[in-house]
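The values are calculated or read from the model by the stated rules, or taken from the named source; none is laboratory data. Please read these numbers as outputs of a predicted model, since none were measured by experiment. Using ideal geometry, Cβ is built from the backbone for each residue, glycine included, and neighbour counts are taken over all protein chains shown.
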Amino acid sequence: MNPPKKIIIIEDEKDIIFITKNFLITQGYEVYTARSLKEAKDILNSTEPDFVILDLMLPDGDGIEFCQSLREKSNVTILILSARANDIDKILGLGFGADDYMTKPFSLNELAARIQAHLRRMDRLAETVKKDEIISFGKIKIDKKAYSVWVDGELIMMPAKEFELLHFMTEHKNQVFTKSQLLDAVWGYEAYGDENTIAVYMNRLRDKIEENPSQPIYIKTVWGVGYKFSWKE
Ligand code: CA
């Protein structure tokens, strides 16, 4: 038996904490709760969670900034919980490092399904990395186990989803994928189906790995179809 996965709920609404916590415990998770960013930081100092549920409006600050700073240190999956439905596409698309979101009120079963999908994908990734840990494409080195990318010897910070997208494409180099295939492969379920997200992520990857992002040599657009990671041995 594997040890239970750890989830931290950062949320200040007592009812939501209570219901969500108890539900996730019945699903077999080890659950921590924080009612403020300060409490969250204290927990994160001593615990490495597998999954973070983060409310955006907390009594001592803004969840977005917290999300960004957590992402700089960790590749943990972050799901944003917000009442502000309008903001959320922007938040996800623009790269504060969140992996997913739900708007309140939300369904516990849906939350559980998403957590499971994210955790399974992380497990699968961890499995494949054991085989072959560092792969190189010219000046780009990808350490699959450490979720790290180096370009010209410099470590590049990348949120989990960016890394997974790059990783997926390099695993299938020279193969063309449509945006919707990439969404399926990396995000893995349809609820989160905005294909513009892919374009945003591709631009961010190019900014990070290409010498000249407007004339990419690795991440190529195949007009009318999608994208490929181009590499000749
Ligand atoms: Ca709140």
Open item on the list: Tell me whether segment 210-219 contains one or more residues that are surrounded by 13 or more Cβ atoms within 10 Å (Cβ to Cβ) and under 16 Å from the mean Cα position of the chain (by Cα).
Closed with: no
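For segment 6-20, enumerate the residues that are within 12 Å of the ligand (Cβ to nearest atom) and more than 13 Å from Leu111 (Cα to Cα). If you could, list the steps in order and put the result at the bottom.
We begin by selecting, within segment 6-20, every residue within 12 Å of the ligand (Cβ to nearest atom); these are 9-17.
Within segment 6-20, Ile10, Glu11, Asp12, Glu13, Lys14, Asp15, Ile17 meet the criteria.
Just a yes or no: is a residue in segment 185-194 among the small types (Gly, Ala, Ser), crowded, with 21+ Cβ neighbours inside 10 Å and part of a helix (DSSP H, G or I)? Don't jump to the end; show me each part of the working.
Here is the first cut: in segment 185-194, the ones among the small types (Gly, Ala, Ser) are 185, 188, 191, 193.
Still in the running and crowded, with 21+ Cβ neighbours inside 10 Å: none.
No: zero hits.
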Task: Total residues in segment 45-77, condition at pLDDT 90 or above, within 16 Å of the ligand (Cβ to nearest atom) and within 17 Å of the chain's Cα centre (by Cα) - done: 6
- [ ] Please state which one of Ala160, Ala146, Ala126 is under 14 Å from the mean Cα position of the chain (by Cα) and modelled with pLDDT under 90.
- [x] Ala160
- [ ] Please indicate, with yes or no, whether at least one residue in segment 160-175 is of a type in the set (D, E, K, R), free of Cβ contacts under 8 Å to residues at least 40 places away in the same chain and outside any helix (DSSP H, G or I).
- [x] no
